[in-house]
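Single-structure report; data block below.
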Amino acid sequence: MSPPALVAHCHRTYRFGSAFLEGQRRTFDAEALFIASVLHDLALTETYDDRRIPFEVHGASLAERELRARGARPDLVELVRDAIALHMEITTADDTRPEVAAVHLGAAADVMGLRLYQLPPGLVADVLELHPRQGFTAFVTEAVRRQAADKPESHIAQLIRHGGFLDLVAAAPFED
């Protein structure tokens with residue numbers, strides 16, 4: 001359901017997020033982190049967007065509903081839901097649940113280039129070779145602009161208006 005640029009971003013989010021946790025010597029549930037990483041931006045797609053509900057909230061709800069329908073254990077459902085719902089919050093980097101923190105950290109590294117210096121040498125290049133950006137900067141810029149226009153009170157709209165989010169995306173040290 002996601003375009004290739006978004007699929008690759010989700011894989012990079014997982015790889016970067018897990019590398020941050022490994023660098024901090026934190027144990028984590030790799031399955032939960034992968035599921036949350038793969039689904040964290042699902043509601044940015046035309047198929048799953050909701051014109052009223054912020055994408056991270058709607059995406060968390062979609063993931064929760066799907067995992068419950070598939071009989072996932074309740075702790076996994078809660079962890080994935082929270083990781084998706086909270087991935088846009090700056091304070092999530094300090095969440096005590098490693099999987100929740102890692103989705104935020106991995107996505108921020110990939111979208112804005114944040115904390116790349118904390119990753120092992122060569123990892124970024126290796127990940128980009130496996131999961132190329134494929135015009136991701138243009139995709140995410142357009143997607144969040146659309147979200148902000150449709151949902152002016154959403155967290156992403158606030159980050160764009162007051163946090164310089166789009167400037168940070170444009171300044172990320174990646175070539176698309």
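Residues in the range 69-94 that are touching a residue at least 12 places away in the same chain (Cβ under 8 Å) and either in a loop (DSSP other than H, G, I, E, B) or among the aromatic types (F, W, Y) (or both): H87, M88, E89. Close Cβ contacts (under 8 Å, 6 or more residues apart or on different chains) running from residues in the range 159-176 that are farther than 24 Å from L128 by Cβ to residues that are modelled with pLDDT of 95 or more and among the aliphatic types (A, V, I, L, M) comprise L159/M88; I160/V144; I160/A148; I160/L166; R161/A148.
Restricting attention to the range 80-118, the residues that are surrounded by 24 or more Cβ atoms within 10 Å (Cβ to Cβ) and farther than 23 Å from F174 by Cα total 5. Every test in (1) surrounded by 20 or more Cβ atoms within 10 Å (Cβ to Cβ); (2) in contact (Cβ under 8 Å) with a residue 60 or more places away in the chain; (3) touching a His at 6+ places or on another chain (Cβ under 8 Å); (4) of a type in the set (A, V, I, L, M) is passed by L130 save one, and that test is (1). As a summary of the residue check, P121 satisfies the conditions (1) surrounded by fewer than 22 Cβ atoms within 10 Å (Cβ to Cβ); (2) at pLDDT 95 or above except for the one numbered (2).
The values are calculated or read from the model by the stated rules, or taken from the named source; none is laboratory data. Please read all numbers here as calculations on a predicted model, not as lab measurements. Please note: Cβ atoms are built from the backbone with ideal geometry, for glycine as well, and neighbour counts cover all protein chains shown.
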